[in-house]
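The values are calculated or read from the model by the stated rules, or taken from the named source; none is laboratory data. This is a predicted model, so every value here is computed, not measured. Glycine gets a Cβ as well: all are built from the backbone with ideal geometry, and neighbour counts include every protein chain shown. Keep in mind that these areas ignore ligands, DNA and RNA; they rest on the heavy atoms of the full protein, side chains included. Shrake-Rupley method; radii C 1.70, N 1.55, O 1.52, S 1.80 Å.
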Amino acid sequence: RQQFFFVVISNRSKHRAVILQVHTRSLQSFVKSSDLYLCLENLGSVPETHTVERLNGIIDTLGGDNLAICLDTGHLHLTRIRDGNTQTTTEFVRTAGDRLKALHIHDNDQRHDSHQIPFSMKIDFAPIVKALKQIGYKGYFTLEASNYLKNWDSSRIFEGVCDLAQSAKKLAKMFEEC
């Protein structure tokens with residue numbers, strides 16, 4: 001059974017790249033003797049993680065079979081629009097290959113890190129799912145649509161959760177049918 005561990009790096013430091021490597025290196029020793037993967041996420045606020053090549057570079061520099069990549073669909077979508085990152089999500093997936101061990105799936109409006117329910121805004125998930133199938137992705141599809149649920153009052157929150165479940169089912173069906 002695969003287990004995953006995530007690193008979050010603050011965007012407030014001008015020394016982000018060094019902090020990222022130091023934190024990753026120190027946590028790596030913790031996960032080496034376990035069945036955990038240390039997943040580095042493409043964070044919209046940390047340019048050193050915007051592309052899969054940069055994430056692969058960090059992994060190659062640090063070495064170790066326990067380092068992996070977490071693709072955040074919303075963050076990649078934003079960096080493509082805001083920062084001119086030309087890498088498509090399908091290119092990211094194919095280049096990450098078997099290093100891709102986790103997904104944070106959410107949608108956005110191309111301007112904000114909206115964390116909305118998949119299929120509700122601007123991201124086209126069909127080519128992403130197809131690329132995941134092509135690389136033989138076996139990890140989890142984690143919906144990271146926390147802001148979507150904030151729009152529901154407590155008496156109707158179950159309806160929002162049902163919507164999330166429907167979008168998860170749609171993603172799963174797309175994956176199965178590829």
Looking only at the stretch 23-62, and only at residues there that are touching a residue at least 24 places away in the same chain (Cβ under 8 Å) and among the acidic types (D, E), the one that is surrounded by the fewest Cβ atoms within 10 Å (Cβ to Cβ): D35
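Could you grab me the full set of residues in the stretch 63-117 that are in a strand (DSSP E or B) and open to solvent by less than 20 Å² (accessible area, probe 1.4 Å)?
Step one: list which residues in the stretch 63-117 are in a strand (DSSP E or B), which gives 67-72, 100-105, 107, 116.
L67, A68, I69, C70, L71, D72, L100, A102, L103, I105, D107, listed by residue number.
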Residue count, the stretch 49-68 (criterion: of a type in the set (D, E, K, R) and more than 16 Å from the chain's Cα centre (by Cα)): 2
Residue in the stretch 120-136 that is in a helix (DSSP H, G or I), over 28 Å from L36 (Cα atoms), touching a residue at least 24 places away in the same chain (Cβ under 8 Å) and open to solvent by 10 Å² or more (accessible area, probe 1.4 Å) present: yes
Residue in the stretch 149-160 that is touching a helix residue (DSSP H, G or I) at 6+ places or on another chain (Cβ under 9 Å) and closer than 18 Å to A102 by Cα present: no
Condition check for D109: among the charged types (D, E, K, R) and under 17 Å from L78 (Cα atoms): yes
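Please specify each residue of the stretch 137-178 satisfying the condition of being of a type outside the set (S, T, Y), open to solvent by 100 Å² or more (accessible area, probe 1.4 Å) and not in a helix (DSSP H, G or I).
K138, N151, R156
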